[in-house]
Amino acid sequence: MMIYFIAAIAGIAGFLFGFDEGVIAGALHLLRGEFTINPFDEGLMTAAVPLGALGGALLAGRTTETYGRRALLLVAGVLFAAGALLSAAAGAVWILTASRLLLGLAVGIAAMVAPLYISESAPAEKRGMLVSIYQLAITLGILGAYLVGFAFSESWRLMFVMGVLPALALLVGMYRMGDTPRWLALQGRTEEARLAIARIRELAPHDPAVDAELASIRQAAQQRTRPGTWADLLSPTVRPALVVGMGLFFLQQLSGINAVIYYAPTVFKEAGFNSTSTQILATVGIGVVNVGMTFVGMYLIDRIGRRRLLFIGFAGTALSLGMIALAAATASESLDILATIGMVLYIAAFAASIGPLPWVMMSEIFPLKVRSLGMSVTSLANWGFNFLVVFSFPILVSSI
């Protein structure tokens, strides 16, 4: 049970990731009323989270090897709390944009380090499912943000300040956790690694199973003579893993998921939902589907394999986006329901497959020597395309 507890604590970082992505959806209509916001400013303010996450991923790429996974997650917790407080107190659009940039920095760190923390703590046979807890936590955070938006629909400041609570939970939880056995072994702290394995596996420190796992980790550590470099990452043997990692995030983001997550009420308004409360309630429904289908993905990921699940997910999203495009192209009100059904099917296919799989595979496909650097680069691809999609959406809506 200990490994599930560890995964849940690290998963709070994923919850905060989802919350800070989704909370802007419920707040935008209030922000437009309080501040003078043109489409460019709206796109920049909303996309400040993925833009900040670019910097967070760069920062985490190297420092996680030096300072450890636990320390970086503690730093992320502090940034999450500070960003939420500053967002709630913002008196101008530029202050809100800057505070969301700070939240993005925390998201970028957490998005790289939390899956790594879970992956290095989990037994191989449960790794896929446990790392998927992070993606589940993201969807729960998005749903939580939508529910907060519905509950505090008259106060965007209360929406933002609610992010302080999970940030404090992450800080307290990680303060009580240790670092991963693999990182401890790589630092030459063998006995601490042994105790960490015993605690996670709930075994005696000198149990043969603990000795065997420690020997495997130490053997891998001895083979690692120096940190991975860009030359190592671009070598013929590692380059295919880099292409797969970046390619999956490229396709994940260009499917348009974050246009839905950040601007769901706007999407439903365009689909014919007239009242603000109905738009937000429909958005909550999307959040529920997102969470439910993530459970389906977690169930399937270690049963049918990553590759087959990707095929199913991409086929499902292509079909559902085609339904939405058909309804939009005809501009027929009678086909609004087709667009809504397509939206639900799109979220379902995405959440069960394309959502969690890039995060799981990112933590698995790179050799140990370049794992942190490789995960950092693939995260940059994710955040770069995330930023472009989110920033361009309000500009495109106002132009087309």
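The values are calculated or read from the model by the stated rules, or taken from the named source; none is laboratory data. Model, not experiment: these values are computed from the prediction. Ideal geometry is used to build each Cβ from the backbone, glycine not excepted, and the neighbour counts take in all protein chains shown. The accessibility values were calculated without ligands, DNA or RNA, using every heavy atom of the protein model including side chains. Shrake-Rupley method; radii C 1.70, N 1.55, O 1.52, S 1.80 Å.
What the table shows:
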item	result
Considering residues of the range 36-65 that are farther than 25 Å from Gly18 by Cβ and part of a loop (DSSP other than H, G, I, E, B) only, the residue least open to solvent (accessible area, probe 1.4 Å)	Asn38
Cβ-Cβ under 9 Å pairs, at least 6 apart or on other chains, the range 63-80 side touching a residue at least 12 places away in the same chain (Cβ under 8 Å) and on the phi > 0 side of the Ramachandran plot, far side open to solvent by 10 Å² or more (accessible area, probe 1.4 Å) and among the aromatic types (Phe, Trp, Tyr)	Gly68/Trp183
Test: residue in the range 214-231 that is in a loop (DSSP other than H, G, I, E, B), surrounded by 13 or more Cβ atoms within 10 Å (Cβ to Cβ) and either modelled with pLDDT of 80 or more or within 23 Å of the chain's Cα centre (by Cα) (or both)	no
Hits in the range 7-34 (condition: farther than 24 Å from Val288 by Cβ and open to solvent by 30 Å² or more (accessible area, probe 1.4 Å))	Arg32, Gly33, Glu34
Set Pro205, Pro240, Pro236, Pro181: member being on the phi < 0 side of the Ramachandran plot, free of Cβ contacts under 8 Å to residues at least 12 places away in the same chain and either touching a Ser or Thr at 6+ places or on another chain (Cβ under 8 Å) or open to solvent by less than 60 Å² (accessible area, probe 1.4 Å) (or both)	Pro205
The range 243-275, subset in a loop (DSSP other than H, G, I, E, B) and free of Cβ contacts under 8 Å to residues at least 24 places away in the same chain, residue surrounded by the most Cβ atoms within 10 Å (Cβ to Cβ)	Phe273
Pair list, Cβ < 6 Å and 6+ apart or interchain, from the range 347-374 residues that are closer than 19 Å to Ile304 by Cα to residues that are modelled with pLDDT of 90 or more and among the aromatic types (Phe, Trp, Tyr)	Pro358/Phe249
Residue tally, condition in a helix (DSSP H, G or I), among the hydrophobic types (A, V, I, L, M, F, W, C) and open to solvent by 40 Å² or more (accessible area, probe 1.4 Å), over the range 388-400	6
Those residues of the range 276-318 which are open to solvent by 20 Å² or more (accessible area, probe 1.4 Å) and among the polar types (S, T, N, Q), in sequence order	Thr276, Ser277, Thr278
Residues of the range 375-400 classified as of a type outside the set (A, V, I, L, M, F, W, C) and modelled with pLDDT under 85, total	2
Extreme residue, farthest from the chain's Cα centre (by Cα), among residues of the range 142-157 that are closer than 21 Å to Ala282 by Cα and open to solvent by 40 Å² or more (accessible area, probe 1.4 Å)	Glu154
Condition check for Gly292: in contact with a Pro (Cβ under 8 Å, 6 or more places away or on another chain) and either part of a helix (DSSP H, G or I) or modelled with pLDDT of 85 or more (or both)	no
Among (1) open to solvent by 20 Å² or more (accessible area, probe 1.4 Å); (2) β-branched (Val, Ile, Thr); (3) under 22 Å from Trp383 (Cβ atoms), the one test that Ile337 misses	(3)
Hits in the range 124-166 (condition: among the charged types (D, E, K, R) and either in contact with a strand residue (DSSP E or B) (Cβ under 8 Å, 6 or more places away or on another chain) or at pLDDT below 90 (or both))	Glu125, Lys126, Arg127, Glu154
Of residues in the range 66-96 being among the β-branched types (Val, Ile, Thr) and under 20 Å from the mean Cα position of the chain (by Cα), the one surrounded by the fewest Cβ atoms within 10 Å (Cβ to Cβ)	Val78
Filtered residue count, the range 261-311, keeping only those that are within 18 Å of Glu21 (Cα to Cα) and small (Gly, Ala, Ser)	4
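Per-residue answers, yes or no, for (1) more than 18 Å from the chain's Cα centre (by Cα); (2) modelled with pLDDT of 80 or more:
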residue: Val296; (1), (2): no, yes
residue: Gly305; (1), (2): yes, yes
residue: Ala315; (1), (2): yes, yes
residue: Ala318; (1), (2): yes, yes
residue: Leu335; (1), (2): yes, no
residue: Met343; (1), (2): yes, yes
residue: Ala349; (1), (2): no, yes
residue: Ile354; (1), (2): no, yes
